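The structure appears below as structure tokens.
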Amino acid sequence: MASTYNEKGTPSSATLSVRALHKSFGVLPVLKGIDLHVQRSEMVFVLGPSGSGKSTMLRCCNLLEEPDSGAILIEGDKLTGPGVDLNKMRQRIGMVFQSFNLYPHLSALGNVTLALRRVLKMPREQAESEAIAALTKVGLSNRAGHFPSQLSGGQQQRVAIARALALKPTVMLFDEPTSALDPELVGDVLDVMRDVKEQGMTMLVVSHEMKFARDAADRVVFMDGGVIVEQGPPEQIFGAPTQERTRTFLSRFHG
Amino acid sequence: MEAIIQQFFNIEIMIKALPLVLKGLGVTLLICAVVIPLGALGGLFAAIASVSKNRAVRWTAIGFVDLFRAIPPLVLLIFIYAGLPFAGIQISPFVAVAVGFFLNNSAYFAEVFRAGILSVPKGQTEAARSTGMTQGQTLFWVTLPQAVRNVLPDLLSNVVEVVKLTSLASVVSLGEMLHAAGLVRSLTYNASPLVLAAGLYLVLLWPLIRLISRFERKIDT
């Protein structure tokens, strides 16, 4: 143990560390000891049947769900415990939701500038130019004045990515980012995620986009029943999974 | 027919009553100007408190709202105006009315705001908190703007109710519009001043009522 963990208690290079994470909803255990380390600029894909705990695990990573025990660390800094400014820590963790969760009363620009102005206390002009830069990265600078109701699902999700990206987070969490989209709109969102990855973002993604996982992920984690069943490079997980549960799960997608 | 017109729509008496009734209208508007903003603000705070995670805060707010929704405003007014002097507190009719309506009004506004806050999906709060916004910032910039928008017709309906409710102030001899009209009626033995007052309420409230149905249609579609 001592040799693999530095003085902060994490593998020295991990950007996001999940350690011995346990979580129950009432009497129902959902996470039964998750250990996961995401390295800088790595894109880790989490697969698993529904009810496997993958979304709960992701939501624990920025404490939208409170773990029962275990630790979450961002670059070695703990998210829980006395003296931790959670709001400050959350600025380092971008999150993209399945249902976008854009603010319907604000324009695309307003959605992106809100946290820049209220959390980072940027003056309006600076916040707006940062927001336009983020919207440009997702290909939507020409939609800055549109309200969420005037945008397609794919565009809304790209604005949501820009909103998270604008805070220049250390790591980004994606919770089934394409599950609520019409099939023809999925591609645009995946393209944006690929761009974000190419710019060096550290990403933890819960998703059912197998093909994308195979193409773009650095590592695939298979979860079932609240534990990590197996993990490895996509070619290994998809090509030669060692666990029976993984094979069963994947066979349903191969048809 | 002749008798009804003579008794209720007597133009001559209306003209005589007009100066006093208009003065009463001024008092009505003044009460509204004090009571509506205060009540809305009180209601907003009570609503925020009633969805608090802190159990003591939440139950205090819910207790306040339940209590003042259950007490008839007429009883509340009389109690404040006629009862408090026994406790050594002398207050003017206007202050009694302001305090009484503030309490009643806050309770009703609180229920409307509470419904609005609960109508905002949980994902909105999660998105805001995930960007590092505090609970207060999330409430102010994300939840409340959507909450108010969702219940705007109900808020305005409440305003209409309050304007009409101010006529209760006559029981503590505050010279608002209905009190003034009633005064002229008892002097002339003719009900036309009351009809005049009703007409003025209509003129005052009709634009607001139209506005409410417009909002309601807009939200429906």
Among the candidates A:ALA216, A:ALA240, which residue alone is of a type outside the set (S, T, N, Q) and touching a residue at least 40 places away in the same chain (Cβ under 8 Å)?
A:ALA216
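Considering every residue within segment A:71-83, establish whether at least one is outside any loop (DSSP other than H, G, I, E, B), more than 8 Å from chain B (Cβ to nearest Cβ), of a type in the set (A, V, I, L, M, F, W, C) and touching a Cys at 6+ places or on another chain (Cβ under 6 Å). Steps first, answer last, please.
The first filter runs over segment A:71-83 and keeps only residues outside any loop (DSSP other than H, G, I, E, B), leaving A:71-74, A:77-78.
Right, trim to more than 8 Å from chain B (Cβ to nearest Cβ) and you get A:71-74, A:77-78.
Next, only the ones that are of a type in the set (A, V, I, L, M, F, W, C) stay: A:71-74.
Narrowing the set further to residues that are touching a Cys at 6+ places or on another chain (Cβ under 6 Å) leaves A:72.
Yes, because at least one residue in segment A:71-83 is outside any loop (DSSP other than H, G, I, E, B), more than 8 Å from chain B (Cβ to nearest Cβ), of a type in the set (A, V, I, L, M, F, W, C) and touching a Cys at 6+ places or on another chain (Cβ under 6 Å).
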Quick check: anything in segment A:188-202 within 29 Å of A:LYS78 (Cα to Cα), of a type in the set (S, T, N, Q) and open to solvent by less than 30 Å² (accessible area, probe 1.4 Å)?
yes
Test A:GLY225 against the criterion of being without any contact (Cβ under 8 Å) to a residue 12 or more places away in the chain and either in contact with a Gly (Cβ under 7 Å, 6 or more places away or on another chain) or more than 30 Å from A:VAL119 (Cα to Cα) (or both), and give yes or no.
no
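Okay, residues lined up against (1) under 15 Å from B:LEU30 (Cα atoms); (2) surrounded by fewer than 17 Cβ atoms within 10 Å (Cβ to Cβ); (3) acidic (Asp, Glu):
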residue: B:GLY175; (1), (2), (3): yes, no, no
residue: B:THR188; (1), (2), (3): no, yes, no
residue: B:ALA191; (1), (2), (3): no, no, no
residue: B:LEU208; (1), (2), (3): no, yes, no
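I'm trying to understand the selection: among the residues of segment A:39-72, which are hydrophobic (A, V, I, L, M, F, W, C) and on the phi > 0 side of the Ramachandran plot? Don't jump to the end; show me each part of the working.
If we filter segment A:39-72 for residues that are hydrophobic (A, V, I, L, M, F, W, C), which is where we start, we get A:43-47, A:57-58, A:60-61, A:63-64, A:71-72.
The answer is A:LEU63, and nothing else.
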Every residue in segment B:111-138 that is part of a helix (DSSP H, G or I), surrounded by fewer than 18 Cβ atoms within 10 Å (Cβ to Cβ) and either of a type in the set (Ser, Thr, Tyr) or away from chain A (no Cβ under 12 Å) (or both), please.
B:ALA115, B:LEU118, B:SER119
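Can you list the helices (runs of 4 or more DSSP H) found entirely within segment A:106-187 that contain at least 1 residues being touching a Leu at 6+ places or on another chain (Cβ under 6 Å) and under 25 Å from A:GLU209 (Cα atoms)?
Numbers: elements: A:108-118, A:124-137, A:153-165.
Fully inside segment A:106-187 and qualifying: A:124-137, A:153-165.
Got a number for residues in segment A:84-105 being touching a strand residue (DSSP E or B) at 6+ places or on another chain (Cβ under 8 Å) and either in a helix (DSSP H, G or I) or at the interface with chain B (Cβ under 8 Å from one of its Cβ atoms) (or both)? Lay out the reasoning, then the answer.
Taking segment A:84-105 and keeping what is touching a strand residue (DSSP E or B) at 6+ places or on another chain (Cβ under 8 Å), we get A:84, A:89, A:92-98.
Among the residues that remain, those that are also either in a helix (DSSP H, G or I) or at the interface with chain B (Cβ under 8 Å from one of its Cβ atoms) (or both) are: A:89, A:93-95, A:97.
Number of matching residues: 5.
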Conditions first: (1) open to solvent by 10 Å² or more (accessible area, probe 1.4 Å); (2) within 14 Å of chain B (Cβ to nearest Cβ). A:ALA127 passes all but one, so which condition is the exception?
(1)
How many residues does segment B:6-21 contain that are open to solvent by 80 Å² or more (accessible area, probe 1.4 Å) and either of a type in the set (Ser, Thr, Tyr) or more than 10 Å from B:LEU196 (Cα to Cα) (or both)?
4
Does B:THR143 satisfy being out of contact with any His (no Cβ under 7 Å at 6 or more places or on another chain) and within 17 Å of A:ILE93 (Cα to Cα)?
no
Select from segment B:10-31 the residues that are in contact with a Ser or Thr (Cβ under 6 Å, 6 or more places away or on another chain) and farther than 16 Å from B:SER186 by Cα and write down the one among them that is modelled with the highest pLDDT.
B:ILE31
For strands (runs of 3 or more DSSP E) lying entirely in segment A:188-253, having 1 or more residues that are among the polar types (S, T, N, Q) picks out A:202-206, A:227-232
Reported set for segment B:45-77 where residues are in contact (Cβ under 8 Å) with a residue 12 or more places away in the chain, within 21 Å of B:SER167 (Cβ to Cβ) and open to solvent by less than 80 Å² (accessible area, probe 1.4 Å) is B:PHE68, B:ILE71, B:PRO73, B:LEU74, B:LEU76, B:LEU77
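Is it the case that segment A:135-156 has a residue that's within 13 Å of another protein chain (Cβ to nearest Cβ) and open to solvent by 60 Å² or more (accessible area, probe 1.4 Å)?
Applying the first criterion (within 13 Å of another protein chain (Cβ to nearest Cβ)) to segment A:135-156 yields A:147-149, A:156.
Retained after the next criterion (residues that are open to solvent by 60 Å² or more (accessible area, probe 1.4 Å)): A:147, A:149.
Scanning segment A:135-156 turns up at least one residue that is within 13 Å of another protein chain (Cβ to nearest Cβ) and open to solvent by 60 Å² or more (accessible area, probe 1.4 Å).
Go through segment B:165-211 and give me each residue that's in a helix (DSSP H, G or I) and in contact with a Phe, Trp or Tyr (Cβ under 9 Å, 6 or more places away or on another chain).
Pass one, segment B:165-211, residues in a helix (DSSP H, G or I): B:165-172, B:177-188, B:192-211.
Within segment B:165-211, B:LEU165, B:THR166, B:SER167, B:LEU168, B:ALA169, B:VAL171, B:VAL172, B:MET177, B:LEU178, B:SER192, B:LEU194, B:VAL195 meet the criteria.
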Options A:VAL38, A:VAL46, A:VAL84, A:VAL96: the member that is open to solvent by 30 Å² or more (accessible area, probe 1.4 Å) and either under 19 Å from B:SER130 (Cβ atoms) or without any contact (Cβ under 8 Å) to a residue 40 or more places away in the chain (or both):
A:VAL84
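To keep it simple, each residue is scored yes or no on (1) among the small types (Gly, Ala, Ser); (2) touching a helix residue (DSSP H, G or I) at 6+ places or on another chain (Cβ under 9 Å); (3) touching a residue at least 24 places away in the same chain (Cβ under 8 Å).
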{"position": "B:GLY83", "(1), (2), (3)": "yes, no, no"}
{"position": "B:ALA87", "(1), (2), (3)": "yes, no, no"}
{"position": "B:GLN90", "(1), (2), (3)": "no, yes, no"}
{"position": "B:VAL99", "(1), (2), (3)": "no, yes, no"}
{"position": "B:PHE102", "(1), (2), (3)": "no, yes, yes"}
{"position": "B:GLU126", "(1), (2), (3)": "no, yes, no"}
{"position": "B:THR131", "(1), (2), (3)": "no, yes, no"}
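The values are calculated or read from the model by the stated rules, or taken from the named source; none is laboratory data. Since this is a predicted model, take the numbers as computed values, not measurements. Cβ sites come from the backbone with ideal geometry, for glycine too, and all protein chains shown count toward neighbours. Surface areas here come from the heavy atoms of the whole protein model, side chains and all, with no ligands, DNA or RNA. Shrake-Rupley method; radii C 1.70, N 1.55, O 1.52, S 1.80 Å.
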